[in-house]
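The values are calculated or read from the model by the stated rules, or taken from the named source; none is laboratory data. Every value quoted in this text rests on a predicted model; they were computed, and no experiment measured them. Because the Cβ atoms are built from the backbone with ideal geometry, glycine has one as well, and the counts that use them run over all protein chains shown.
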Amino acid sequence: MLVYQATKREFMDDVEHDLIADHITAAFERKLHRANPAEVKSWRNSMEYMYKVLNTPALPDGCGVAIEFSVPYTSSRIDFLLTGRQDGARDAAVIVELKQRQSLEAVPTKTAKALYAARLATPSTETAPETALLE
């Protein structure tokens, strides 16, 4: 199941007109259950940042945007999914896991690569290496 689906251009318009959180909330409540205030706040904040990321002519306006995509046969949802064609031929998708952080700090590339490798090796039921690093 999918809560919000649009083209990149439609998503950008929804954010520009301050409608995105309302659209996501209405669809979420229609398809799943009542959204809690923290989820709504998260959508409002996160979609502004995703707008900035997607605001480039390098990504065609026709790319697909999906928000809160339910992974079949699990209770998991993908926060943000961008779909399209790579080099005009191969199907491509980018999965974005959105996090609400109070602060962030840059880490050296070597450290980031080590965290990424450790994350790949960590079962999802354990504490993620980057979370342990931030605690």
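Whether any residue in the stretch 22-34 is of a type in the set (Asp, Glu) and either within 22 Å of Lys99 (Cβ to Cβ) or touching a strand residue (DSSP E or B) at 6+ places or on another chain (Cβ under 6 Å) (or both) is what I want to check. No, that holds for no residue.
Return yes when Ile67 is hydrophobic (A, V, I, L, M, F, W, C), crowded, with 16+ Cβ neighbours inside 10 Å and assigned to a helix (DSSP H, G or I) and no when it is not. No. Sub-6 Å Cβ pairs linking a first residue in the stretch 73-99 that is farther than 26 Å from Ser42 by Cβ and in the same structural domain as Asn45 (by TED's automatic domain parsing) to a second residue that is among the hydrophobic types (A, V, I, L, M, F, W, C) and assigned to a strand (DSSP E or B), at least 6 apart or interchain, are Gln86/Ala92, ordered by first then second residue. Only one of the numbered conditions (1) in a strand (DSSP E or B); (2) within 11 Å of the chain's Cα centre (by Cα); (3) surrounded by 14 or more Cβ atoms within 10 Å (Cβ to Cβ); (4) not basic (Lys, Arg) is violated by Ile95, and that is (3).
Going by the conditions given, is Asn36 free of Cβ contacts under 8 Å to residues at least 12 places away in the same chain and in the same structural domain as Ile95 (by TED's automatic domain parsing)? Yes: the conditions hold for Asn36.
Of all the residues in the stretch 38-57, those that are at pLDDT below 85 and more than 18 Å from the chain's Cα centre (by Cα) number 0.
Thr83 meets the conditions (1) of a type in the set (S, T, N, Q); (2) within 13 Å of the chain's Cα centre (by Cα); (3) modelled with pLDDT under 80 in every case but one. The failed one is (3).
For Leu54, the conditions (1) without any contact (Cβ under 8 Å) to a residue 24 or more places away in the chain; (2) out of contact with any strand residue (DSSP E or B) (no Cβ under 7 Å at 6 or more places or on another chain) are fulfilled apart from (1).
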